[in-house]
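What follows is a set of notes on a single structure, which appears directly below.
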Protein chains: 2
Amino acid sequence: MTDVFARPGLLSPGTGEPTAQRIADSARAWDGGITDLADFRSWFAGYGERSYAHVERIPLEDLDGWRRDPETGNIRHHTGRFFTVEGLDVRMSRGPVARWSQPIINQPEIGVLGLLVREFGGTLHCLMQAKVEPGNRNGLQLSPTVQATRSNYTRVHGGRPVPYLRYFDHSAASSPRRVLADVRQSEQGSAFHRKRNRNMVVEVLEDVEPLDGFVWLTLGQVHRLLAADDIVNMDARTVLSCLPFAHRDPQEMPDAEGDRFRSALLRSCGRAAGSLHTMEEILSWITEARTRTDVRARRVPLDGLPGWRTAGGRISHETGRFFDVIGVRVEAGGREVGRWTQPMIESHGTGVVAFLVREIGDVLHALVNVRVEAGYMDVAELAPTVQCTPPNYDVLPAEARPRFLDEVLAAGPDRIRYETILSEEGGRFYHARNRYLIVETDTAATFDHPDFRWMAVHQLVDLLRHSHYVNIQARSLVACLHSLSARSNSRCSGI
Amino acid sequence: MTDVFARPGLLSPGTGEPTAQRIADSARAWDGGITDLADFRSWFAGYGERSYAHVERIPLEDLDGWRRDPETGNIRHHTGRFFTVEGLDVRMSRGPVARWSQPIINQPEIGVLGLLVREFGGTLHCLMQAKVEPGNRNGLQLSPTVQATRSNYTRVHGGRPVPYLRYFDHSAASSPRRVLADVRQSEQGSAFHRKRNRNMVVEVLEDVEPLDGFVWLTLGQVHRLLAADDIVNMDARTVLSCLPFAHRDPQEMPDAEGDRFRSALLRSCGRAAGSLHTMEEILSWITEARTRTDVRARRVPLDGLPGWRTAGGRISHETGRFFDVIGVRVEAGGREVGRWTQPMIESHGTGVVAFLVREIGDVLHALVNVRVEAGYMDVAELAPTVQCTPPNYDVLPAEARPRFLDEVLAAGPDRIRYETILSEEGGRFYHARNRYLIVETDTAATFDHPDFRWMAVHQLVDLLRHSHYVNIQARSLVACLHSLSARSNSRCSGI
């Protein structure tokens, strides 16, 4: 028997540089590729005319196929699948609010968010999907190639098979392909009990036909679309953030010359770039946060949840803050046809999600907050500098007002490098939108605050290879940061 | 106000090379340093004469301060602290046994395993502790500087304060120090329900006096002691494995010349070394294993646990296999004085814990098994090629017989690079010992097995910076692998 391990060239290089470079090159492919943005625009508009979801709010008691458990009041589907709405009783050993109750979505199955990529003309392209979801204010948004709950792909709802799913199924896969990212990441810990999705990026090495509703775009094109309100959906943003990005030294990139911000950003994405803290210090800081805070989150009956009441066909907090659990009736047309009802979460007010960034040395750093949320798998995750819905703080103690919120809200246009309204997941959240911001600052005040650390972008990218370090909002902002790497004018109006 | 971020030299380098090199240098400090091994030997022997633990088995019903809960039969301390012995009902969607019940130790608090290091004469030294534990067959072993459950350091047992603990407490720390590792790692998932300890290595930059029972050793000296049976305890091994090791290219190390095995090992510890699989592939493989297996582990009453019975003052499996829950009475003398009783786990038979290793290209790779255990936080962890107690398999179906066990047991001395009997944690396990082996192979048969992958050592080291990837047995073997890096003769008889 010949020794298969003796074959030359068997070893992969110790670093992921070749892939990282191809990703960075695709991010610099600003337009062109196999679809140009003008064509995309008319295709997307045309597709939007053929696809729609008529969504109507209905009282929870009118949901069809969903029932409230007679003992607990929990809302569940008669098949036992999809998700349930339950109560959560939370105690925290640190933070401004030591104990509270809230409704929570329990969806223990791990779904797949999969992005298929393929080289055309030497440049990586992403197979993006135009997808209507009931919670999207504007109906159609761009999603990754596959966005499937386990209920979806086991086809509980009796729908059609999920296109392209086989590329993300290791047991079924036979086509030549390369996995660029494959990691379970959390979603909103304020609304979900330990929900995670598997974020996957798979490069196919053979022809793949785009079906109706799918389009090949370069990363640079997707990044441009990220500058427009409500186009790139949450699932697309989280998958994009998990790509193993790394940029060349800006000195090798003549188009960055003279652009201080972008040069600092590119340096920050270089794997060998310096950083204010070593990775050991960052990891120790996270370990400390996860060790020092005790979170006791106990699932309890939705009926009789302190502070919450069912009235007018919805479940609301007695102050009218936070969010409501509502019912909706959906009638979808176009590629995905269907009629159904479901519960959804309706947030009150538009949130603010922001990174303060600054140069340290000549490397851009983001001010990262280690944040405890009741629904996280592992106590705390890395979050944006600011992540809140400001009106909620009217009913909380003054010391709960988020640090740095006022600095972000007061920032002038000369400091705002990115500002776009983006939607949260349209399958569970009804019209949930946040204003995403990247704001340059010269503050040094946070040098030693135990809940904040300055991190270089490559440090966030490194942690994004692993589960449950970077929260969903920070992942969106990482995708937004990457979108600034290929622009000479970092603030632009998108498509 | 001056901008603190403008100060020159503020950034840390993007890689941890300086620290990794100092660690590797200490591993090559084979003897000498501030303690030589001859002195250590007589000190350790002398200390052993002054320290002892008389341990006597007693019936569970004679435990003092521990009681069986009248409703569940669970064994707990009257203070509610320390740990409880409960039942666990386990269902697994894959594997030879789909459902079983077993007693399990529930110890949700996160303890600290801390190693203090300090440079003397330019070489890092570890402050090791000679520590008697009731479960150690030979009484005294070498432990890390600090080995403290939360009950220990909050002093529930009314004992003396834990020496050196303040160096590992971020909130108390004031001395100049540098954190080299700080990560929560799991322990035996077959005996503990989600137990984790915080593994910390802290370098102090000021004088630290070794108290009675403590000694400064180089890493190379600790590594030599790892070649002797039952000297370096489990807690020391796990902390050592979390050190950010990286070796220079063997070409720069003349003492490795002509030693094929050691050169391949040193290459394997180099961060830029090649590997059969990219890190993305390894991470995807782990994600797949954690996604495809459903583990439902439910805590249930110890009373009436199917297959287990209380008789003769202990809890045993009806086949006599696996382990017993026993009671012990301890009388300790020497530095740590005390009398107490406690439940312990007594395993049946000596286990086998082994890595098959081989060169791929010219880089040493270990054959790693992704293993599901009921008590893990996150479904599966990376385990040795073989990890089992052979007699247990007599009562399980034939297909449960561990792969590669026969190859390991049949290996001739020319293939065995490491072989030592090491003890498991002596605070919970009574005389639990495993034969740890590193065996060279030329098998290629496992090229594509879904539960096994060949990994370079630097890939294991990289994952060890993060929680819950590498299990306790594999971590011991990683420490053993490192111990071979500084030897011209890889098999030696230790002290």
| said: Considering only residues that are among the acidic types (Asp, Glu) and within 14 Å of chain A (Cβ to nearest Cβ), which ones fall in region B:182-201? | reply: B:Asp182
| message | Out of A:Arg41, A:Arg81, A:Arg67, A:Arg50, I need the residue that is away from chain B (no Cβ under 14 Å), of a type in the set (Lys, Arg) and free of Cβ contacts under 8 Å to residues at least 60 places away in the same chain. Which one? | response | A:Arg67
| How many residues, within region A:434-474, are within 13 Å of chain B (Cβ to nearest Cβ) and in contact with a Gly (Cβ under 8 Å, 6 or more places away or on another chain)? | 2
| If B:Gly320 satisfies every condition in (1) out of contact with any strand residue (DSSP E or B) (no Cβ under 7 Å at 6 or more places or on another chain); (2) closer than 30 Å to A:Ser171 by Cβ; (3) of a type outside the set (D, E, K, R) but one, which is the exception? | (2)
| Members of region B:372-401 that are out of contact with any helix residue (DSSP H, G or I) (no Cβ under 8 Å at 6 or more places or on another chain), surrounded by 15 or more Cβ atoms within 10 Å (Cβ to Cβ) and not in a loop (DSSP other than H, G, I, E, B) | B:Asn392
| request: Hey, could you check region A:246-288 for residues that are polar (S, T, N, Q) and open to solvent by 20 Å² or more (accessible area, probe 1.4 Å) and say which is nearest to the other protein chains (Cβ to nearest Cβ)? | output: A:Thr278
| Can you find even one residue in region A:42-54 that is over 30 Å from A:Thr218 (Cβ atoms) and touching a strand residue (DSSP E or B) at 6+ places or on another chain (Cβ under 9 Å)? | yes
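Per-residue answers, yes or no, for (1) open to solvent by less than 50 Å² (accessible area, probe 1.4 Å); (2) in contact with a Cys (Cβ under 7 Å, 6 or more places away or on another chain):
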{"residue": "B:Tyr47", "(1), (2)": "yes, no"}
{"residue": "B:Thr72", "(1), (2)": "yes, no"}
{"residue": "B:Arg81", "(1), (2)": "no, no"}
{"residue": "B:Gly87", "(1), (2)": "yes, no"}
{"residue": "B:Val90", "(1), (2)": "yes, no"}
{"residue": "B:Leu113", "(1), (2)": "yes, no"}
{"residue": "B:Val117", "(1), (2)": "yes, yes"}
| query | Of all residues in region A:296-316, which are in contact (Cβ under 8 Å) with a residue 60 or more places away in the chain and outside any loop (DSSP other than H, G, I, E, B)? | reply | A:Arg296, A:Ala297, A:Arg298, A:Arg299, A:Val300, A:Trp308, A:Thr310, A:Arg314, A:Ile315
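Conditions (1) among the charged types (D, E, K, R); (2) more than 14 Å from A:Asn471 (Cβ to Cβ), marked per residue:
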| residue | (1), (2) |
| --- | --- |
| A:Val363 | no, yes |
| A:Val370 | no, no |
| A:Glu373 | yes, no |
| A:Pro390 | no, yes |
| A:Ala400 | no, yes |
| A:Ala410 | no, yes |
| A:Glu419 | yes, yes |
| A:Ile438 | no, yes |
| A:Asp442 | yes, yes |
| said: For region B:211-226, give me each residue that is open to solvent by 10 Å² or more (accessible area, probe 1.4 Å) and closer than 26 Å to B:Leu463 by Cβ. | reply: none
| message | Based on this model, can you work out whether B:Phe245 counts as in contact with a His (Cβ under 7 Å, 6 or more places away or on another chain) and either more than 28 Å from B:Cys269 (Cα to Cα) or not small (Gly, Ala, Ser) (or both)? | response | yes
| task | Return the only residue of A:Arg28, A:Arg22, A:Arg76 being modelled with pLDDT of 85 or more, surrounded by 17 or more Cβ atoms within 10 Å (Cβ to Cβ) and within 14 Å of chain B (Cβ to nearest Cβ). | result | A:Arg22
| task | Among the candidates A:Thr341, A:Thr291, single out the residue that is surrounded by fewer than 20 Cβ atoms within 10 Å (Cβ to Cβ), of a type in the set (S, T, N, Q) and part of a helix (DSSP H, G or I). | result | A:Thr291
| note | Per the list (1) touching a helix residue (DSSP H, G or I) at 6+ places or on another chain (Cβ under 6 Å); (2) within 14 Å of chain B (Cβ to nearest Cβ); (3) of a type in the set (Gly, Ala, Ser); (4) not in a loop (DSSP other than H, G, I, E, B), residue check on A:Ala366 breaks on (1)
| message | So B:Leu113 passes all but one of these: (1) touching a helix residue (DSSP H, G or I) at 6+ places or on another chain (Cβ under 6 Å); (2) away from chain A (no Cβ under 14 Å). Which condition number does it fail? | response | (2)
| said: Need the failing condition index for A:Tyr376 against (1) more than 14 Å from chain B (Cβ to nearest Cβ); (2) out of contact with any His (no Cβ under 6 Å at 6 or more places or on another chain), just the number. | reply: (1)
| note | Taking first residues from region B:417-432 that are under 30 Å from B:Arg358 (Cβ atoms) and second residues anywhere that are assigned to a strand (DSSP E or B) and polar (S, T, N, Q), the pairs with Cβ under 9 Å that are 6 or more apart or on different chains are B:Ile421/B:Asn434; B:Leu422/B:Asn434; B:Ser423/B:Gln141; B:Ser423/B:Asn434; B:Glu424/B:Ser347; B:Glu424/B:Asn434; B:Ala432/B:Ser347; B:Ala432/B:Ser423
| Across region B:122-145, which residue is surrounded by the most Cβ atoms within 10 Å (Cβ to Cβ) among those that are outside any strand (DSSP E or B) and of a type outside the set (D, E, K, R)? | B:Thr145
| remark: Going through (1) within 23 Å of B:Ile34 (Cβ to Cβ); (2) at pLDDT below 95 one by one, B:Ala98 fails only at (1)
| task | Considering every residue within region B:316-328, establish whether at least one is in contact with a helix residue (DSSP H, G or I) (Cβ under 9 Å, 6 or more places away or on another chain), open to solvent by 50 Å² or more (accessible area, probe 1.4 Å) and β-branched (Val, Ile, Thr). | result | yes
| request: Consider only pairs whose beta carbons are under 9 Å apart and that are at least six residues apart or on different chains; among these, list those whose first residue lies in region B:332-348 and is under 10 Å from B:Pro134 (Cα atoms) and in contact (Cβ under 8 Å) with a residue 60 or more places away in the chain and whose second residue is hydroxyl-bearing (Ser, Thr, Tyr) and surrounded by 14 or more Cβ atoms within 10 Å (Cβ to Cβ). | output: B:Ala332/B:Ser51; B:Ala332/B:Tyr52; B:Met344/B:Tyr430
| task | Please enumerate the residues belonging to region A:29-71 that are under 26 Å from the mean Cα position of the chain (by Cα), assigned to a helix (DSSP H, G or I) and among the small types (Gly, Ala, Ser). | result | A:Ala45, A:Gly48
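The values are calculated or read from the model by the stated rules, or taken from the named source; none is laboratory data. Remember, predicted model here, so these are calculated numbers, not experimental data. All Cβ positions, even for glycine, are placed from backbone atoms using ideal geometry, and neighbour counts span all protein chains on display. Remember, those area values only see protein heavy atoms, side chains included, never the ligands or the DNA or RNA. Shrake-Rupley method; radii C 1.70, N 1.55, O 1.52, S 1.80 Å.
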